[in-house]
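Okay, structure first, notes after.
What follows draws every value from the coordinates through simple rules; no lab data is involved. On a predicted model such as this, the values are computed, not experimentally measured, just so you know. All Cβ positions, even for glycine, are placed from backbone atoms using ideal geometry, and neighbour counts span all protein chains on display.
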Amino acid sequence: MAQSTMFLTKMTILAPNRPGRATPAKDSLASGAASTFNPATEKPTTMPNQFVWVDIPVLKLDRAIRFYSAVIGMEVEKVEYPGMTIGSFPHKDNEVGGCLYLSETVKPSADGPLVYLNAHGRIDEALEAVEPSGGKILQAKESIGPFGFRAVILDTEGNRIALHSM
C-alpha cells in the first residue's frame, strides 16, 4: 500500500488584510476540510518559513531513527498512524518539522535537494556520531562565511544531508 508522505502540524499564519494579527491555521488537510482561502478576494498569507516540513525517505525505519537520534542529539520519536509508522523529528507549534518514512515508490538518494539539519553548538559532536552510527562523512565541517558552518553526510539509508551550525 502506498503511504502518504505529507504530515502537517498546526501553524500560525497572519490573517489576511490584518498585518501583525496572528490567527491559528485550521488543520484543514488533517481533517479533510476544504481551504477557505479565496485568492480573488484575499491577499496571500505570510508564514515565518518558506519550508514547513521535510520528508526523508528511509529503507529501515528503526535504523534511521537510531541514526538521526544519535546525530541530532535528540530523540526522533516513532509515531504510529493507521496504515503507517514514521519517525518524527522534534518540533513544536510553528517550528519547521519533518519525518522519516518508508515508501514503496520513493527511495533514499544522494542526489537532489540538500536538507540542512540544525546542529547549532554541537556540529563536532554530531559529526563524531555519524560513522559509529553507520553513516559516512562526505564533506568535513567547513565555513560558509557569515552563514556559519556546514558538513555533508550520508545517512544509513543513502540520503545526503547537511549539518548546519552558526
Handout entry: Test for A110: is it in a loop (DSSP other than H, G, I, E, B), without any contact (Cβ under 8 Å) to a residue 60 or more places away in the chain, of a type in the set (A, V, I, L, M) and on the phi < 0 side of the Ramachandran plot
Key = yes
Problem - Per-region count, segment 116-166, residues of a type in the set (G, A, S), closer than 21 Å to L100 by Cα, touching a strand residue (DSSP E or B) at 6+ places or on another chain (Cβ under 6 Å) and surrounded by fewer than 17 Cβ atoms within 10 Å (Cβ to Cβ) - result: 1
Handout entry: Members of segment 129-156 that are within 11 Å of Y68 (Cα to Cα) and assigned to a loop (DSSP other than H, G, I, E, B)
Key = S133, G134, G135, D155, T156
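Kindly indicate whether D55 is crowded, with 16+ Cβ neighbours inside 10 Å and among the acidic types (D, E).
Here the answer is yes, as D55 does meet what is asked.
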Exercise for the section: Return yes or no: is V58 among the β-branched types (V, I, T) and in contact with a Pro (Cβ under 7 Å, 6 or more places away or on another chain)? Expected result: yes
